[in-house]
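Just so it is clear, none of the values below were taken in a lab; they were calculated from the coordinates. As the structure is a computational prediction, the values presented were derived from the model and not from experiment. Positions of Cβ are generated from backbone atoms using ideal geometry, with glycine treated the same way; all protein chains shown enter the neighbour counts.
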C-alpha cells in the first residue's frame, strides 16, 4: 500500500459507529469527492419555530384539544430520522393540548422490515422515552383493520392501535426514494403501519404505477400512499431534511401533503450534488441507509437522478455499506419472498457498468440469496482497490459519493 494515499472518505455506520471512513487509492488515480450542498443544523430554536408555525394545519397543541389519546409513528433504523430529538417537541405539544402522557403511544412503523429490539429502540428513541412510554413495533401480519381499497385498487389494511388513537402523528425524514419519490409524508402510513397485502399491492413492479426517484407530482405510488393516509385519518407529520452528519437542516410540521412537499423542496437543494463528467468508477456509500446491506439499492440516487450516464459502459459501480445489522430483512423483497429472489442466479452477472459490493459484514452466500452476484463481494477496501487496479491499471478516474443515499444530481 506504499503507493497509495488516503484521498477520499465515506460516511459510515449510521446508528452504530458513525464516522468518516478513509479510503486509500493509488496516487496516480484521479479521485473526485462529490459532496451534497448540505446545510447547518437549525438547532433547538429552529425546531421550536417549526412546531410553532405548522404548514397546512393548526398547531399540534390545537389539534390535540378535545382528543383523548394520541399515537406517534416513528420509522425504524433503516432510516436516519433523529427521533430522540423530535419526540420531546411532539409530546410537549400533545400534553399542552390536554392529552396526558399515559394516553400517548409510540408505534415503530417497520413496514415489511424486522421489529426493533429494546437496544435498537433506545438508539432510535432515547432511554427516557423507552423508560416512560408505551412503545410497540408494528406487525404487518396481525392486528390489522381493513378500510377498503384505494382508487388504484390497493386493499388498505392498517395497524389497529394506530387506527384506534384519536390523534395520529407520523415522524420521519425526507430522503430520495426510487418508488415514492422521497421518503416521509404518508409513507409512514403505507407502508409504515400497513399490512403485508397493502404493501405488496403498492410495491409490486407490475401494478402500472408511475413512480421514480425524487418524483412527487404525478407519482401514482405516492398518491396511493396519500389516499391511504386520508382513509386512516392522519392528522399531522413531522418530517426533517438532514445533512451528511444527520444534523437537521429543516423541519416541516403540518399536513402530510403540504408540509411534505415543502420539505421536498429543501431536500432537492440540500442533497444537490454536482455530477462529474464521465468517470471509470463511482463509489456510492449507502449512508445514511447503511445499517442493512440490502438498503444499498438506495445509493443509486445520484445515478438515477442524473440527466445522463456518467459512468461509462466499461466502468464500475462500487456500492459500499457498513451493514452493521448484516444483509437485513424484508418480508416482500427478501430471499424467497414474493418480490425477492427465489433461486440462485447465474454467476458473473453481466451488469454494464459492472458492480462491486464493499460490505465487510456479509459473505457471498448472503448476496446470492438476495439475487446479487456473490462473486462481486469485497469484504475489505484493499480488495476493492485490487480489483479496480486489475481492470484499470495505473490510470483511473473515480467519483466518490460519501452519502449517496441522500445525494441527488444537481439540476
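General remarks:
- Here the range 140-181 is scanned for amide nitrogen atoms under 18 Å from the site 7 Å beyond the Cα of residue 297 along Cα-to-Cβ, giving 175-181.
- Alpha-carbon centroids, the range 185-231 and the range 232-277: separation in whole Å: 18
- Three-way shape call for the range 211-263 based on the alpha-carbon gyration tensor, with the a/c threshold at 1.5: oblate
- Two-site FRET efficiency, residue 53 against residue 230, from Cβ-Cβ distance with R₀ of 25 Å, rounded to 0.05: 0.60
- Label-point gap, in nm, between residue 133 and residue 68 - each point 7 angstrom along Cα→Cβ: 2.2
- Anisotropy class of the range 269-315 from Cα gyration tensor, a/c 1.5 cut: oblate
- Shape category assigned to the range 43-269 from the gyration tensor of Cα positions, a/c cut at 1.5: rounded
- Residues in the range 226-259 that a label on residue 45 would reach, taking backbone N under 18 Å of a point 7 Å out along Cα→Cβ: 248-251
- Computed over the chain with a Gaussian network model linking Cα atoms closer than 10 Å, the most mobile of 92, 38, 181 is 92.
- Cα centroid separation, the range 132-181 to the range 355-411 (Å): 35
- Fraction of beta bridges assigned by DSSP in the chain that are antiparallel (%, nearest 5): 35
- Across the chain the C-alpha pair distances fall into 20 Å bins from zero in the proportions 28, 57, 15, 0 percent.
- Were the residues from residue 151 through residue 361 laid out at 0.36 nm apart, the gain over their Cα-Cα distance would be 71.3 nm.
- With the highest mean first, a sort of the peptides 112-123, 230-241 on other beta-carbon atoms found within 10 angstrom per residue produces 230-241, 112-123.
- Here the label points at residue 210 and residue 164, each 7 Å from Cα along the C-beta direction, are separated by 4.1 nm in the simple model.
- Computed E for residue 35/residue 96 - FRET, C-beta separation, R0 41 angstrom, nearest 0.05: 0.55
- Dividing the mean sequence gap of close Cα pairs (under 8 Å, 6+ apart) by how many residues the chain holds gives a relative contact order of 20 percent.
- Cβ-Cβ distance of residue 313 and residue 245, R₀ of 45 Å, FRET efficiency by 1/(1 + (r/R0)^6): the value works out to about 0.80.
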